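Participant: Take this structure, written in structure tokens, and hold onto it; I'll ask about it next.
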Amino acid sequence: MSDSWDMEVAPRIAREQTVSLRSSLDFKERVRQAIDIVELIGSFVTLRRQGRNFVGLCPWHDDTRPSLQVSPDRQSYRCWVCNLGGDVFSFMMQIEGVAFPEALATLAERAGIAPDPPAGRSRAGRRAAEGFRDEAKPGRGRDKRHLFAAAAWAENQFHACLLRDEVAAPARRYLAERGITPDSTTGFRLGFAPVRRDWLLERCRGTPFDAQTLEAIGLIVRRESGGYYDRFAGRVLFPIRDTQGRTLGFGGRILPEAGGASKAKYLNSPETPLFAKSHLLYGLDAARDSLRRSNTALVMEGYTDCIMAHQHGFTDAVAVLGTALGPEHVRLLRRFADRIVLVLDGDEAGRRRANEVLELFIAQQVELRVLTLPAGLDPCDYLQDRGAAAFAALLESHAEDAMEHAFRAATEGIDLARDVHRASEALERLVAILAKAPRDAATTPFRQEKIIQRLAERFRVPEGEVRARLASLRGRSLRRATKPETAPAPAQPHPSEPADAWLARWQDEVLQILIVHPELVPKVTARLPAGEWPEGPRRRIFAALDALLEEGTTPSFERLMLCFDDPQMKCRIVALDEAGRGRADPAAEPARLLDELMKSYFRRGEDRRRGEHSAALRSPGLDPARGAALLEEILLRERTRHGISEPKEG
């Protein structure tokens, strides 16, 4: 149910509450009008024009052909595969995983619109405005807006310390030795956490951020003996941001002379309500525009590698956060680019990544290439020693596709012509990786055939043998998958769906007409009030149309969308709107169609009641008086249906 408007109650609330609710909707409308949905979604997904609309790869499933459609006319979107849709608010809720108040607040801030004053609001109106309350209150450690504000405050403290504080002199020397320029230090907002264990905790005194808030975002750690200590003490800090530039966490590099609690060379923020390292990439906020221009992402393994790449003009570089490149990283990058080049250090660990890279290549339907640097060098060293031109040439000549990279790694040191046993083992490993790819979102038949052909050619075996082994491995995994330990529970009907499928279809058809032609709403409300509709989402939508009409507002599609905060309800309205505008007979008069639908509804009701009365008349033991009354009612309904008036007396 909507946080800001209980659509079941709205038609019956007092006038003063209606005024307050209208104010809430007016504020949402100002925000909605200020945000262009194409621009908003285009900041997360690469869109291209297709007729009157825009299309792009859906960010919520492994999309291989553009299935996300964005309508600038209706300011709505919908994915035709996963059936997600809505407006600017639901997009922000779904893409960021936040509730409606935070989405509303984020978009209002993006549009530069100040919130309405809370005075005089109803309880529902106050709840809708909750996202705009003063975040500067200690103890609100689980409110995400407050956590964002705390992370930004901490970033400023660390950055100011690095630039000006005497205790940060070793950190400034380290960055200079690594070749990090002052411009990069400022642009990437690098920082330093002094060795003093309570430095950050002391600085938060008198601020809106207390110890519980700093603990919630992973900046301080609770001692078993009581109290806290700074997690990143003695480290150079690399702020990690999302695509909107909001600080979510930090990566810390220990200095040799520092005496922090952890001696690990690198330390990342722990998993928090803001930070999930498998879903984030360092430098993506700085690289996003370049990624769209080049359609290529260079993925490094270290923060300084990424920064050095940017310094040398490779501004489409990002870095993983101490983990291997994973499926979520690939999905994130595919919002901006179609081609990924993984730049691996020239060491043993880099060479061992071959199988991981091949699995990504097969499962993610992405053009994935691998550049392995010369032995002993990482990208930072290579760029400093040999320069941008040499690195660009290396990318051009030595970035091999993932299949070739995996083949080289699997067959290193093997004589394929003579060492039959080891060659067979290598082929088995590669085919097993191909077999693990999910069938529904993995290789297209053409892509799979090309991989089989390449394996057969490189290992000098018939294609049929590779294909048969692949089928055998897939069959084995399928048999395991189809033997569940316990039988699955039978599917249960959704409680909000009407039991009568005909009635559900009838309601959908009526709503499709009313959403596209809101001027016809009174024709339905006059004969079938919202209270007579069965409980469920369709009734809530009709009640919203009725409430807007009673309020004196045209119940347009845009206004109707603002009545609901729930993304699922918004998605349902978008689907109804699109179905209504795409009806098979667009030339048919909507008023006439609506009249026919209303007649069919009441006719079906009469037929049902007639059947109930007939069954009651046939029931044994029926009271004679009750039977006579039922018979008289049946006769009266039949006369009315056929237009026969009562006979005159005398």
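Participant: Return the pair list, or none, for Cβ contacts closer than 7 Å from residues in the range 388-411 that are closer than 19 Å to Ile340 by Cβ and free of Cβ contacts under 8 Å to residues at least 60 places away in the same chain to residues that are among the aliphatic types (A, V, I, L, M) and open to solvent by 20 Å² or more (accessible area, probe 1.4 Å), at least 6 apart or on different chains.
Facilitator: Between residues of the range 388-411 that are closer than 19 Å to Ile340 by Cβ and free of Cβ contacts under 8 Å to residues at least 60 places away in the same chain and residues that are among the aliphatic types (A, V, I, L, M) and open to solvent by 20 Å² or more (accessible area, probe 1.4 Å), there is no close pair.
Participant: On to the next question. Please find, among Val195, Val221, the residue that is at pLDDT below 95, assigned to a loop (DSSP other than H, G, I, E, B) and within 22 Å of Ala264 (Cα to Cα).
Facilitator: Val195
Participant: Within the range 244-251, is even one residue assigned to a loop (DSSP other than H, G, I, E, B) and free of Cβ contacts under 8 Å to residues at least 40 places away in the same chain?
Facilitator: The answer is no; no qualifying residue exists.
Participant: Where in the range 456-525 are the helices (runs of 4 or more DSSP H), entirely inside, with at least 3 residues that are farther than 30 Å from Ser76 by Cα, at pLDDT 85 or above and touching a Phe, Trp or Tyr at 6+ places or on another chain (Cβ under 6 Å)?
Facilitator: Here the list is empty.
Participant: Check Leu560 against each of (1) open to solvent by less than 30 Å² (accessible area, probe 1.4 Å); (2) modelled with pLDDT under 85 and name the one condition it does not meet.
Facilitator: Leu560 satisfies all of (1) open to solvent by less than 30 Å² (accessible area, probe 1.4 Å); (2) modelled with pLDDT under 85 except (2).
Participant: Do we find that Phe275 is closer than 17 Å to Ala337 by Cα, hydrophobic (A, V, I, L, M, F, W, C) and assigned to a loop (DSSP other than H, G, I, E, B) in this structure?
Facilitator: Criteria not met by Phe275.
Participant: Can you say whether Leu255 is touching a residue at least 12 places away in the same chain (Cβ under 8 Å), of a type in the set (A, V, I, L, M) and crowded, with 19+ Cβ neighbours inside 10 Å, as far as the supplied structure shows? Walk me through how you get there before you give the answer.
Facilitator: Numbers: touching a residue at least 12 places away in the same chain (Cβ under 8 Å): yes; of a type in the set (A, V, I, L, M): yes; crowded, with 19+ Cβ neighbours inside 10 Å: no.
Taking the combined requirement at face value, the residue does not satisfy it.
Participant: Right, something else. For the range 547-557, give me the residue count where each residue is crowded, with 19+ Cβ neighbours inside 10 Å and in a loop (DSSP other than H, G, I, E, B).
Facilitator: 1
Participant: Within the range 500-519, how many residues are within 12 Å of Phe542 (Cα to Cα) and in contact with an Asp or Glu (Cβ under 7 Å, 6 or more places away or on another chain)?
Facilitator: Summing the residues that are within 12 Å of Phe542 (Cα to Cα) and in contact with an Asp or Glu (Cβ under 7 Å, 6 or more places away or on another chain) in the range 500-519 gives 1.
Participant: A further question on this structure: Looking for something open to solvent by less than 20 Å² (accessible area, probe 1.4 Å) and modelled with pLDDT under 95 - is there at least one such residue anywhere in the range 132-142?
Facilitator: Yes, that holds for at least one residue.
Participant: Out of (1) open to solvent by 30 Å² or more (accessible area, probe 1.4 Å); (2) under 30 Å from Met92 (Cα atoms), what's the single condition that is false for Thr243?
Facilitator: Single failed check for Thr243: (1).
Participant: I would also like to ask the following. Would you call Ala544 of a type outside the set (Lys, Arg) and farther than 30 Å from Cys79 by Cβ?
Facilitator: no
Participant: Of all residues in the range 224-241, how many are modelled with pLDDT under 90 and within 20 Å of Lys144 (Cβ to Cβ)?
Facilitator: 0
Participant: When only residues in the range 401-434 that are in contact with a Leu (Cβ under 8 Å, 6 or more places away or on another chain) and surrounded by fewer than 18 Cβ atoms within 10 Å (Cβ to Cβ) count, which is nearest to Ala468 (Cα to Cα)?
Facilitator: Ala432
Participant: Which one is modelled with the lowest pLDDT, of the residues in the range 33-73 that are in a helix (DSSP H, G or I) and open to solvent by less than 30 Å² (accessible area, probe 1.4 Å)?
Facilitator: Top of the filtered list is Gly42.
Participant: Take the range 173-220 and flag every residue that is among the β-branched types (Val, Ile, Thr) and open to solvent by 70 Å² or more (accessible area, probe 1.4 Å).
Facilitator: Within the range 173-220, just Thr186 meets the criteria.
Participant: Just name the residue that is least open to solvent (accessible area, probe 1.4 Å) out of those in the range 295-332 that are part of a loop (DSSP other than H, G, I, E, B), among the polar types (S, T, N, Q) and at pLDDT below 95. Spell out how you get there, then give the answer.
Facilitator: In the first step, residues of the range 295-332 are kept if they are part of a loop (DSSP other than H, G, I, E, B); the result is 295, 301-302, 312-316, 320-326.
Subsequent filtering for residues that are among the polar types (S, T, N, Q) retains 295, 315, 323.
Retained after the next criterion (residues that are at pLDDT below 95): 295, 323.
Numbers: Asn295: 60, Thr323: 38 Å².
The selected residue is Thr323.
Participant: Going by what's in this entry, would Ala544 be described as among the aliphatic types (A, V, I, L, M), open to solvent by 20 Å² or more (accessible area, probe 1.4 Å) and under 23 Å from Ser71 (Cβ atoms)?
Facilitator: no
Participant: Quick one: which of Phe54, Phe91, Phe27 is within 14 Å of Met561 (Cα to Cα) and free of Cβ contacts under 8 Å to residues at least 60 places away in the same chain?
Facilitator: So the residue among Phe54, Phe91, Phe27 that is within 14 Å of Met561 (Cα to Cα) and free of Cβ contacts under 8 Å to residues at least 60 places away in the same chain is Phe91.
Participant: Let me ask something else about it. Looking at (1) at negative phi; (2) at pLDDT 95 or above, which is the only condition Ala119 fails?
Facilitator: (2)
Participant: Here's a check for you: in the range 333-373, which residue that is at pLDDT 65 or above and among the small types (Gly, Ala, Ser) is farthest from Ser397 (Cα to Cα)?
Facilitator: The residue in question is Ala337.
Participant: Could you check Glu535 against (1) under 25 Å from Asp26 (Cβ atoms); (2) in contact with a Ser or Thr (Cβ under 9 Å, 6 or more places away or on another chain); (3) open to solvent by 60 Å² or more (accessible area, probe 1.4 Å) and say which number it fails?
Facilitator: The failed condition is (1).
Participant: Further question on the same structure: Of everything in the range 146-173, what is at pLDDT 95 or above and among the aromatic types (Phe, Trp, Tyr)? Give them in sequence order.
Facilitator: Answer for the range 146-173, where residues must be at pLDDT 95 or above and among the aromatic types (Phe, Trp, Tyr): Trp153, Phe158.
Participant: Could you give every pair whose Cβ atoms fall below 7 Å, whose first residue belongs to the range 193-209 and is under 17 Å from Leu163 (Cβ atoms), and whose second residue is assigned to a helix (DSSP H, G or I) and among the polar types (S, T, N, Q), counting only separations of at least 6 or pairs across chains?
Facilitator: Final answer for the pair search is Leu200/Gln157; Arg203/Gln157.
Participant: Taking the range 263-288 on its own, how many of its residues are free of Cβ contacts under 8 Å to residues at least 12 places away in the same chain and over 20 Å from the mean Cα position of the chain (by Cα)?
Facilitator: 2
The values are calculated or read from the model by the stated rules, or taken from the named source; none is laboratory data. Note that the structure is a prediction, hence the values are computed from the model and not measured. All Cβ positions, glycine included, derive from the backbone under ideal geometry; neighbour counts span all protein chains shown. Protein only, heavy atoms only, side chains kept; ligands, DNA and RNA dropped before computing areas. Shrake-Rupley method; radii C 1.70, N 1.55, O 1.52, S 1.80 Å.
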